[in-house]
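All remarks here apply to the structure that follows.
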Amino acid sequence: KQEVTQIPAALSVPEGENLVLNCSFTDSAIYNLQWFRQDPGKGLTSLLLIQSSQREQTSGRLNASLDKSSGRSTLYIAASQPGDSATYLCAVIRDSSYKLIFGSGTRLLVRP
Amino acid sequence: AAGVIQSPRHLIKEKRETATLKCYPIPRHDTVYWYQQGPGQDPQFLISFYEKMQSDKGSIPDRFSAQQFSDYHSELNMSSLELGDSALYFCASSLGTGQAGYEQYFGPGTRLTVT
């Protein structure tokens with residue numbers, strides 16, 4: 001059974017710091033991995049999608065990497081801003097099914 | 001760009017009542033997914049449809065049913081509501097042919113409160 005774990009569960013940093021969020025998954029037979037952002041009580045915004053054949057994806061200040069063999073992905077946020085404060089969720093799609101399996105998220109607070 | 005539309009955004013029902021949630025996918029998307037997110041929890045997959053056929057099923061109670069219509073919109077029907085059904089219900093859509101890596105785009109959610 002695929003399990004997705006995110007570390008740390010919560011993170012508080014001062015504005016301007018570069019930071020790394022970690023995601024690990026137990027079954028390397030994934031089709032792709034998506035990173036999402038969720039504001040409290042709101043919907044999920046897709047940030048980046050990495051297909052299993054890719055190693056990384058970049059969008060603005062965000063960079064996500066994928067090491068399928070070790071079952072790990074990282075989301076790098078450069079020059080963090082208070083507006084980045086949210087919960088960040090990673091989710092994987094297995095080869096055999098197209099449903100997303102989510103981690104429990106990292107709650108990020110960027111202090112002004 | 002058009003996004004996934006869900007209605008209603010908020011719904012309050014009493015125990016044992018019935019609720020219907022609607023989802024309108026992004027134009028040209030042929031696959032719809034339903035997820036349930038309880039308070040303080042991560043989203044859990046309920047059910048999905050591809051080209052109007054059920055494609056996968058998760059931990060969806062027998063009291064719930066869903067379908068995808070000819071215009072690709074989907075409805076989640078929930079009967080005999082229980083207090084534990086109170087949650088955010090998300091619909092997501094994607095292109096089912098794999099061209100876009102099955103990237104899923106989520107709607108804003110329907111917040112269901114059962115009293």
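The values are calculated or read from the model by the stated rules, or taken from the named source; none is laboratory data. Keep in mind that this is a model prediction, so the values were computed, not measured. Here the Cβ is made from the backbone with ideal geometry for all residues, glycine too, and neighbour counts use every protein chain on show.
Here residue B:69 meets the list (1) more than 22 Å from residue A:93 (Cα to Cα); (2) surrounded by 13 or more Cβ atoms within 10 Å (Cβ to Cβ); (3) more than 11 Å from chain A (Cβ to nearest Cβ) almost entirely, failing just condition (2).
Filtering the stretch A:64-82 to residues that are without any contact (Cβ under 8 Å) to a residue 40 or more places away in the chain and under 25 Å from residue A:16 (Cα atoms) leaves A:64, A:65, A:66. Among the residues of the stretch B:6-47, the one identified as touching a Lys or Arg at 6+ places or on another chain (Cβ under 9 Å), within 11 Å of chain A (Cβ to nearest Cβ) and part of a loop (DSSP other than H, G, I, E, B) is B:9. Scanning the stretch A:41-49 for residues that are of a type in the set (Val, Ile, Thr), touching a strand residue (DSSP E or B) at 6+ places or on another chain (Cβ under 7 Å), without any contact (Cβ under 8 Å) to a residue 24 or more places away in the chain and crowded, with 17+ Cβ neighbours inside 10 Å turns up nothing.
Can you spot a residue in the stretch B:83-93 that is within 22 Å of residue B:9 (Cβ to Cβ), within 11 Å of chain A (Cβ to nearest Cβ) and without any contact (Cβ under 8 Å) to a residue 24 or more places away in the chain? There is no residue in the stretch B:83-93 that is within 22 Å of residue B:9 (Cβ to Cβ), within 11 Å of chain A (Cβ to nearest Cβ) and without any contact (Cβ under 8 Å) to a residue 24 or more places away in the chain. Scanning the stretch A:49-62 for residues that are among the β-branched types (Val, Ile, Thr) and away from chain B (no Cβ under 14 Å) returns a single hit, A:58. I'm trying to understand the selection: among the residues of the stretch A:68-84, which are surrounded by fewer than 18 Cβ atoms within 10 Å (Cβ to Cβ) and modelled with pLDDT of 95 or more? Matches in the stretch A:68-84: A:72, A:74, A:76, A:78, A:79, A:81, A:82, A:83. One residue stands out among those in the stretch A:18-48 that are in contact with a Leu (Cβ under 9 Å, 6 or more places away or on another chain) and among the small types (Gly, Ala, Ser): the one that is nearest to the other protein chains (Cβ to nearest Cβ), which is A:43.
If I ask for residues that are free of Cβ contacts under 8 Å to residues at least 40 places away in the same chain and not charged (D, E, K, R), which ones from the stretch B:56-76 would you list? Result: B:58, B:59, B:60, B:61, B:64, B:65, B:66, B:67, B:68, B:69, B:70.
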